[in-house]
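What follows is one structure encoded as structure tokens, with my remarks underneath.
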Amino acid sequence: MAPKVRVEGWKVLCSWSCWFLPARVLGYLVVMEAVLTEELDEEEQLVRRHRKEKKELQAKIQSMKNVVPKNDKKRRKQLTEDVAKLEAEMEQKHRKELEQLKLTSKESKIDSVAVNISNLVLENQPLRISKAQKRREKKAALEKEREERIAEAEIENLTGARHVESEKLAQILGARQLEIKQIPSDGHCMYRAIEDQLKEQECTLTVAALRSQTADYMQSHVEDFLPFLTNPNTGEMYTPEEFGKYCDDIVNTAAWGGQLELRALSHILRSPIEIIQADSPPIVVGEEYSKKPLILVYMRHAYGLGEHYNSVTQLNTATENCS
């Protein structure tokens, strides 16, 4: 019969040459045994340990019997009692360990079920949307609608009023060695055009800062602005509450800017602001200030959605000469 190389839980049959297996191969078998043991169910592992302990106890009992003479009845009687006690203790110990394992396993399963039920309840609950998220979604929907309307207006105005207006403005600006600098139509166009003009003067005020300062100035000079604002539904002059809401919108939304906001900005910046138009003479707001004016282009037909402001830049004369 071929010899057996035994590693706990394994029986490897081999030829006589197996006795000369390298140490690393035998070590590999031991590692494999450890991996398999880890994968066994906890209860099975416990049962296997109990079986091993019982075999070791039987071996111990056999050794105890071997050292007691058969004709020594007194010692034999004591040995029988000791053996019974050892077996009873081990049996009790094994029973308690099994009961504890089952109790622990049951509690673990209950906890797992509770977690799963909790997760299921959470998954089935409707997602609660915060007020801030609702506002963001509403703003995104309005912006998408605006972009769609702009796209439609772009198609309609390729050869219409927009084209005529652009040609007139190009002539007016060309005479002053200027040309239009396009500003995005996102509700912030007037403030972005002012921001662009200020960069030429190395002033780094942002759109957010311009909006905030405009609202603050208007709120601190209510009498200069309130008489010019009326409720479109009633035709009545704004109430103080409506005026406060109007100023809040300047800061917190993409509300368009117009004549009143330009007046406030001219005082804030202490600079004249010139607005060039296609069909009317230029308008200068803040003429009382002597600084070089900030120049904006006002377009009525830019996108077919109402007023739009662009900035200007110096005409590229090299390009003009080449053309």
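Sorted by accessible area (1.4 Å probe), largest first, how do Ile276, Ile150 line up? Each step should come with its number before you reach the end.
Working: Ile276 0, Ile150 25 Å².
In descending accessible area the options line up as Ile150, Ile276.
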>> Can you give me the accessible area per residue for region 161-314, using a 1.4 Å probe, in Å²?
In response: 51
> Given a 1.4 Å probe and the protein chains all in place, what does the accessible area of Val164 round to, in Å² to the nearest 10?
Replying inline: 70
> Say the dipole of region 161-314 comes from +1 at the beta carbon of Lys and Arg and -1 at that of Asp and Glu; which of Pro240, Ala161, Val285 then lies farthest toward its positive end?
Replying inline: Ala161
>> Suppose we keep just the DSSP beta bridges with both residues in region 161-314; what percent of those would be antiparallel, to 5?
In response: 75
> Largest first, what is the accessible-area ranking of Thr313, Thr80 with a 1.4 Å probe?
Replying inline: Thr80, Thr313
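Hey, any idea what % of region 42-106's accessible area is carbon plus sulfur with a 1.4 Å probe?
With neighbouring chains kept in place, the figure for region 42-106 is 52 percent.
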>> Can I get the semi-axes of region 161-314's equivalent ellipsoid? Compute them from the C-alpha gyration tensor as square roots of 5 times the eigenvalues, in angstrom, largest first.
In response: 26, 18, 14
> Hey, could you pull the Cα Rg and Dmax for region 42-106, both in Å?
Replying inline: 15.4, 52
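The values are calculated or read from the model by the stated rules, or taken from the named source; none is laboratory data. From a predicted model like this one, the values you see are computed outputs, not experimental measurements. Note: ideal-geometry Cβ built from the backbone for every residue, glycine included; neighbour counts use all protein chains shown. Side chains are part of the model used for accessible areas, which takes the heavy atoms of the whole protein and leaves out ligands, DNA and RNA. Shrake-Rupley method; radii C 1.70, N 1.55, O 1.52, S 1.80 Å.
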